[in-house]
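The values are calculated or read from the model by the stated rules, or taken from the named source; none is laboratory data. In this text the structure is predicted, and so the values were computed from the model without any measurement. We place every Cβ from the backbone using ideal geometry, glycine too, and count neighbours over all the protein chains shown.
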Ligand code: UDP
Ligand code: UDP
């Protein structure tokens, strides 16, 4: 007789039924999908709260791929109340969607109260937790946060409200000393946090206070990557009485992730890589929607050309930025693509980043250090040259530097800084890192740690089993 999933994973007890409440943006949806994929191997029922239309086409494709990959997932369609966007002039469309979700969350209670089999736990994105946790508590359900950034960022999110409570209300936001974790300089903070009137800041503060009131926090990290921040959270040094922290990463991507729109180009990217010598290619990518000006992109292109290295560049492909609308020729300038033909490839399409990072031809990742990219580089043992662009990227870059995943160019420009980093400087740094055997070895050792963490008996694997056991303890 075939073993059940419970027998295979050695779990006992009643099945739990977990409802996931993801938020908007690929940086949130991808790690949710990956975690759901990992949890599906255990003996639990899973439902996913789904809002259509999504903000971006990439998110719609990703949701379709998720339900296709895991036919046993239940889909709970959720309808948003209308939000008057004119209330928030200039707000980012994703932050606006977070607000629309937050203001509609009271409709979630009745929806999940009627679901069968009976729901036992809710797993919320951090952007929604101050709304979701009270609803879960009313229904006597466990509530967890699935955090899509680092443990260091979780400590900032949870400590920031306390920091503000203790600071003179009139004084400017300065460096934030997180107990047990260390100093986050003012210039490394997600820059909206410097303005208390920003919608993002209000949400961040409310959610940050709520984290400690949940039943636990799941984080896409592992003990060897962020030992200090994880210990500080777990020892309640950051916030007194903090709940369980499950470091369950690094997640790996799902089989059918985003294969439709980019299939053709993705194949040509990988077949191009197959023809390149080992560790000869610099992979350059700044995530789904990180703004890099045309002028700065041209400096990056000049730097790559001057470095003499082979390269694969992915320009922003989704999210509707300037680079997405303009042709590569407009962005990179006349003659560039011809001059680098054969040794450089540039694409606007979706690439399978995990496959690229695992490819033997790739030797360096020049990245905005979005957290998903950092964990993917860590898992691949690929040295990362971090050039943060905004949001939580500088906080993530502190982990890149402290863990040995790579090097952080701390003085390179970011959010709101208009000056350009010169092609000369970029080219010289890329060339230096491509020749840096010690950095390569350090990153490779990190990759071994990542593999150990998710293997049976490793810290992340054990954390996952502890989480599943809690789900069944109701
Ligand atoms: N964040 C948070 N609490 C909130 C809202 C956001 O901790 O209530 C985090 C979020 O997970 C991310 C960062 O703040 O790590 C925001 O980064 P960014 O502006 O790059 O946006 P995102 O990557 O989430 O789209
Ligand atoms: N990604 C990808 N192919 C692309 C663009 C992005 O696979 O062409 C994936 C990448 O592997 C990562 C995620 O999209 O998992 C980007 O998340 P990250 O946190 O690095 O940056 P964000 O886009 O949220 O700024």
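Apart from one condition, residue 375 fits all of (1) part of a strand (DSSP E or B); (2) within 12 Å of ligand 2 (Cβ to nearest atom); the exception is (1). Report whether or not residue 382 is at pLDDT 95 or above, over 16 Å from the mean Cα position of the chain (by Cα) and within 13 Å of ligand 2 (Cβ to nearest atom). Judged against the criteria, residue 382 is a match.
Condition check ((1) more than 30 Å from residue 122 (Cα to Cα); (2) touching a helix residue (DSSP H, G or I) at 6+ places or on another chain (Cβ under 8 Å)) across all residues:
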position	(1), (2)
406	yes, yes
410	yes, yes
448	yes, no
466	no, no
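For segment 229-251, the set of residues classified as in contact with a strand residue (DSSP E or B) (Cβ under 9 Å, 6 or more places away or on another chain) and in contact (Cβ under 8 Å) with a residue 60 or more places away in the chain consists of 229, 230, 232, 233, 238, 242, 244, 245, 246, 247, 248, 249, listed by residue number. Among the residues that make up segment 180-190, is at least one of them free of Cβ contacts under 8 Å to residues at least 24 places away in the same chain and farther than 17 Å from residue 400 by Cα? Yes; the residues of segment 180-190 include at least one that is free of Cβ contacts under 8 Å to residues at least 24 places away in the same chain and farther than 17 Å from residue 400 by Cα. Looking across 130, 155, 187, one residue alone is surrounded by fewer than 16 Cβ atoms within 10 Å (Cβ to Cβ) and assigned to a helix (DSSP H, G or I). It is 187.
For segment 139-149, the condition of being buried (at least 19 other Cβ atoms within 10 Å of the Cβ), modelled with pLDDT of 95 or more and either farther than 21 Å from residue 50 by Cα or assigned by the TED database to the domain that holds residue 371 (or both) holds for at least one residue.
Would a scan of segment 348-359 turn up a residue that is assigned to a loop (DSSP other than H, G, I, E, B) and closer than 19 Å to residue 432 by Cα?
If we filter segment 348-359 for residues that are assigned to a loop (DSSP other than H, G, I, E, B), which is where we start, we get 348-352, 358-359.
Now drop any that are not closer than 19 Å to residue 432 by Cα, which leaves none.
No, that holds for no residue.
The number of residues in segment 106-127 being touching a strand residue (DSSP E or B) at 6+ places or on another chain (Cβ under 8 Å) and not in a helix (DSSP H, G or I) comes to 10. Check whether at least one residue in segment 435-455 is touching a residue at least 24 places away in the same chain (Cβ under 8 Å) and assigned to a loop (DSSP other than H, G, I, E, B), and report yes or no. Looking through segment 435-455, at least one residue is touching a residue at least 24 places away in the same chain (Cβ under 8 Å) and assigned to a loop (DSSP other than H, G, I, E, B). Within this structure, residue 84 fails the test of being surrounded by 18 or more Cβ atoms within 10 Å (Cβ to Cβ), over 30 Å from residue 368 (Cβ atoms) and out of contact with any helix residue (DSSP H, G or I) (no Cβ under 9 Å at 6 or more places or on another chain).
If you filter segment 446-473 down to residues that are more than 18 Å from residue 217 (Cα to Cα) and surrounded by 15 or more Cβ atoms within 10 Å (Cβ to Cβ), you find that the one that is nearest to the chain's Cα centre (by Cα) is 450. With the checklist (1) within 16 Å of ligand 2 (Cβ to nearest atom); (2) closer than 30 Å to residue 200 by Cα; (3) part of a loop (DSSP other than H, G, I, E, B) in hand, flag the one item residue 412 doesn't pass. That leaves (1) as the condition not met. A single entry from 120, 116 fulfils the requirement of being without any contact (Cβ under 8 Å) to a residue 24 or more places away in the chain and surrounded by fewer than 24 Cβ atoms within 10 Å (Cβ to Cβ): 116. Taking the criterion of being in a loop (DSSP other than H, G, I, E, B) and either in contact with a strand residue (DSSP E or B) (Cβ under 6 Å, 6 or more places away or on another chain) or at pLDDT below 95 (or both), the only residue of segment 173-183 that qualifies is 175. Only one of the listed residues (201, 214) is at pLDDT 95 or above, under 23 Å from the mean Cα position of the chain (by Cα) and either surrounded by fewer than 18 Cβ atoms within 10 Å (Cβ to Cβ) or part of a loop (DSSP other than H, G, I, E, B) (or both). That residue is 214. Within the span defined as segment 348-356, every residue fails to be away from ligand 2 (no atom under 11 Å from the Cβ) and in contact (Cβ under 8 Å) with a residue 24 or more places away in the chain.
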